[in-house]
1. Where does the charge balance sit around A:Thr14 when Lys and Arg score +1, Asp and Glu -1, over other residues with C-beta under 9 Å from its C-beta?
2. What nm value, rounded to one decimal, do you get for the distance between A:Arg245 and B:Asp126 when each label is placed 7 Å out toward the C-beta?
3. Please give the FRET efficiency for B:Arg523 paired with A:Gln384, using the beta carbon to beta carbon distance and R0 = 56 Å, rounded to the nearest 0.05.
4. Can you tell me the orientation of helix A:88-103 relative to chain A, as the angle in degrees between its alpha-carbon axis and the longest Cα principal axis, to the nearest 10?
5. Between B:Ser413 and A:Lys369, how high is the FRET efficiency from 1/(1 + (r/R0)^6) when r is the Cβ-Cβ distance and R₀ = 30 Å? Nearest 0.05.
6. Can you work out ³J(HN,Hα) from phi for every residue in the range A:9-16, in order, using Karplus 6.51 cos²θ - 1.76 cosθ + 1.60 and θ = phi - 60°, giving whole Hz and x for Gly and Pro?
7. Helix A:433-448 sits at what angle to the longest principal axis of chain A, using alpha carbons and giving 0 to 90 degrees rounded to 10?
8. In a shell of Cβ-Cβ distance under 11 Å around B:Pro121, excluding B:Pro121 itself, what net charge do Lys and Arg (+1) and Asp and Glu (-1) give?
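Each value in this text was obtained by applying a stated rule to the coordinates, not by laboratory testing. A quick note: this is a predicted structure, and the numbers were derived from the prediction, not measured. Glycine gets a Cβ as well: all are built from the backbone with ideal geometry, and neighbour counts include every protein chain shown.
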Amino acid sequence: MPTVVLMDVSLSMTRPVAQDGSEEFQRKNLAVHGLNMLFEHMASNYRMEFTTLMAFSSLWELLVPFTRDYNALQEALSNLEDYDKTCVESALQGVSNVVQQEWGSACPCQMVMVTDGSLGIGKGSLRHSLQTLKQRGDDKKFPLPFPFPTKLFIMCVANAEELQMTDAMDNLEELLRLSGGDGQIFTMEGALCMKSVQAMFGRLIDHAYSPFHAVLHCGNLSSDVQVFPRPEPVVMDEEVEPMPRAVSTDLEIVGFIEIGDISSPPVISRHLVLPIAVNKEVDEVGAGATDELEEEPSASQMAGKSPNFCVLLHGSLKKLPKSNSKKKSNLMMSLFDPGPEPLPWLGKISHLGPISEAAENPYGEDDSKSPFPVQPSVKRSYAQNVTVWIKASGLQTDVQKILRNARKLPDKTQTFYKELNRLRKAALAFGFWELLKGVADLLERECTLLPDSAHPDAAFQLSHAAQQLKLASTATSEICNNRLKYRSPSLCGPRWRTVCADCCF
Amino acid sequence: MDQCTVQMCKTKMFSVSHKTVFVVDHCPYMAESSRQQVECDVLTKSRAQGVIPLAPVSKSLWTCAVECSMEYCRILYDIYPRDKLVNYIVSDSEFHILNSWRQEDQSTHELMSALAAVGPPNPREDPECCSILHGLVAAVESLCKITELQHERRTSLMDTAERVANRGRIICLTNAKSDTHVRMLEDCIQETILEQNKLAAGSDRLMAIQQCDLVLVHIHPQGEDTLVSDRPKKEISPLLTSEVHSVRAGRHLATKLNILVQQHFDFASTTITNIPMKPTLNVCDQEEQHANTSANYDVELLHHRDAHLEFFKSGDLHMAGTSTRENGLKETITLKWCTPRTNSIELHYCTGAYRISPTDVNSRPSSCLTNFLLNGRSVLLEQPRKSGSKVISHMLSSHGGEIFLHVLNSNRSTLEDPPSISEGCGGRVTDYRITDFGEFMRENRLTPVSESSHDPSGKLPVERAKAQLERHTRYWPMIISQTTIFNMQAVVPLANLIVKETLSEEDVLTCQKTVYNLVDMERKNDPLPISTVGSRGKGPKRDEQYRIMWNELETLVKTHSGDTDRHQRVLDCIIACRSKPPEEEERKKRGRKREDREDRTEKNGSKDTDDKSWQDSERLKGLLDKEDQESEVIKDSPDSPEPLIKKPRLSTEEVQPPERAKGPVSLLTMWTNRITVANSRKHQEFVGRVSSVNNKFELYQQLKDENGMDVHENGKASR
């Protein structure tokens, strides 16, 4: 989940912070200190995250495009300049553009907006933006909510009390609500100083940037792993199950399936599964990270040399006949929709069992077959020969098919009756008796047009079929009951005659 | 990544679209002709002479209503085969309910059979007795009936059962007399809802209606002025909304219901364009005259609108070739067919898959496309962009006879350039048992178990799959140099059998044969595939090699010996047959620390007879740690080779394989061996004693967790 850091560089950020001691700080210094701490934490614990740094005042500027180079981000922080007033709306528009250009509109993003809570005055101020929300045309829409899913974290270099004295807090809350409600507003507790800004960013790190550690199990084999990005809890149906479903830190393999059988399944997210060494418990708050750096090389060297289940699993998956072993690859985890049956073609996950319990190997002795995909009990309309006469052409085609076969009797007796039965069945269901009469007339006409050389059975079949259709079209309830027998698919072709003889004559 | 927000957009499980009641008017006036004529006798030129063509036929209002409602159901069932239910009611002098909410009643096939039995309206029936009201009242009653899904959810939610809502929609196809008549129908439905809700409050199988949407479609013949006016959705009461559509019978009605099904279930339309009509593709209908003409054709598909989510959000809608239809209501997005290359198996990054239904299901282009897909081919679809750049945004593919529109991610991945696996943990190890694990994965593949063949009182199939993985990994060294037995062809029959849940007599025999075969090998002094990695010099001597092998084999079998008596018999066989008890030799080799250890052995041994608790195993772990350190010290003496077999993760109280060669033998090992020797002398007794230890299996369970692993990994790491 890429991160956008949006830093307020308006003049108000240069306000000095009251200090008893020697050095005088600006709010900006505190903000930079907090961001440096965030970047250091990400560099050591969340280094796969792409982050961009943007600065805004009345204009916005992209300082560092999306990168994993945290030195570059810190470098840019140290060179911030001071500008004029705050204009949140245009900055948000900028964020929207930058993110969509890089990641499209489906990739979820986190935005960390750092500000002092002075949200501008007059036109262009956040207050003004929010007041005019409803008076805008399509071309000047407020940028929130972003098209992509967003987590919005607002870091205020200010106390909550300070923000509540004006309408700043209300406006920020409204902003969070507009963004979709996912996120949080952080304020500083106590005096504005280095310590309290550290505490505030510490809370952000705990909340949004702590690495997801889990154990990958395969029976008794296991490996400690980091799952990146963090799997986020999912709410499938707010009404029935409002509690979000989260991924367990015990990832249990239940078995294996061929890649062709799983067949490009839809996933809600994809994650790297990176083996980690257990003894390398790095301080998650990030404050202690620097101490560990010295020990790290030797520790990771040791870890590199002891066998790890992830590497075994990855290596074996890569050696499978159907995988492309030349491509650079990693162990990845995809998350399906939570629920008993995420993929219809696999059936219920709880009903996947070991092949050893099947009477015979469902993959065949030479892997020539597969028990997948699971077939649904009812075929879809396009997989069965449904009859639709909404367009005249559908009806014409069906009638013509019958006539074509009628002219080739008795050779085509089977197909003739099959098509005739299909038409008859649909006509009865639709209550379209006029059609039955019409087709009966057509068959009688065909009978009269038969050449002298025609097989005698042709005339017999045609007149018999015509008679049956007419009978159906004037059906009284008693004859309706006979329809059940007619509908049977085995009643086509020559056997039709005998059955009809039983039930109608 | 977090798609919470996206997920929430999905329709609620129990929205109004969970239950749809069709109420179709079967009164005498519905037998009237729609006055839309269909020419079904298309004469070919050669036969035209002298033949009088058949007069065109025309559908009745009833036929129009039935076929359009069936088309609505067809599309619905194609896209939502489950959980979006239809109840079909016909109304004349009374109501006829043609199906129930039950899943097995949900198919057009069932409905068509029921409709055939109803037949067209009887024009001679007394119109005074007939009314759509009978059906509408029945529809409200039906909406109160609980569906299987509602019941299941209510049962599973227990305390929060009230979260299961009861909403529904009534689609009424009728010929109303006037706007006043429509108002009368609405009032009647409103009253019935109130009445039924009172009844439902006192019943388990009924639920009160929380929301009902009435969609009244007034059907009138072509060329006749309508007496009923269109009216958009309005709220009649907090429980009831109503909308009125006044439509001419025939294709207008079909279009109307097609639009309604899209609105009701959040469908959207995609037109696949540029589908090449090659003669090879043209398998579906050889009888058509134009079979060999080459052309590109288009097919329109319906599906859930989330398949277009990205277009909507990015505002790419117009670029993606949206076109508005003549009626101005329906839009379709055009995607271009990309001729598939080979049938390569590729795992695409797919963010959604949605069932489709062709708008025109039995037209030739549609059936050609669907047959092509049903035969197992997948088609990538390209999104036309202004810039002319090519972006593959979707894929059509069938799974088990169902066609899905897959949404593919076409943006930059946030997971690019991941760290190489060789740089991480375990990345430097080069002798993983890759091939063996490949075989392991093959053996642990899954298969769907049908609900009918699954015994509901037993373990779920997936739990049995996990149990199998557990059995197969009780002793599974990950690298080649950690194992001897898994590098030996001679051990394979036993290794394959011992992991089974139950053994047959024949299996036990095979295992025993394997053991005898190993004894034979040892007698002949055959070489073993012992790894010399890390050892100094030539590695262990032959008899030492066999000792290592036997220990490892014993370790493997011990992890299963508690499962059944037959498993135990395999272990007994090994203990009885394996090379001489190491007791004597060991005594020679380690005179120095012996007394010291003996003491501890005693302690350990006495503990062992007790019923082990978790604390004991923890203490044991501590003991092992200590031993490990000790052995490290001794190992450094020049004539002691590196241990070749890593301490496996074992269960069990007494198990500590005596794998250390000439060097130190762990305390536990010595003790184990002593017991082993003692038992092998009085064999019968041993079996009896073991089976009388009632908690042997549990002991294994306690230790199968990481405890064992930690011990050995720490041992290694501290080196």
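1. Numbers: positive: A:Arg15, A:Arg27, A:Lys28; negative: A:Asp82.
Summing Lys/Arg as +1 and Asp/Glu as -1 gives +2.
2. Label at A:Arg245, label at B:Asp126, 5.8 nm between them.
3. Working: r = 69 Å, r/R0 = 1.23.
So, using R0 = 56 Å, E works out to roughly 0.20.
4. Approximately 50 degrees, to the nearest ten.
5. Numbers: r = 34 Å, r/R0 = 1.14.
Calculated value: 0.30.
6. 10, 6, 4, 5, 5, 8, 4, x
7. Approximately 50 degrees, to the nearest 10.
8. Details: positive: B:Arg124; negative: B:Asp25, B:Glu32, B:Asp92, B:Glu125.
Once positives and negatives cancel, what remains is -3.
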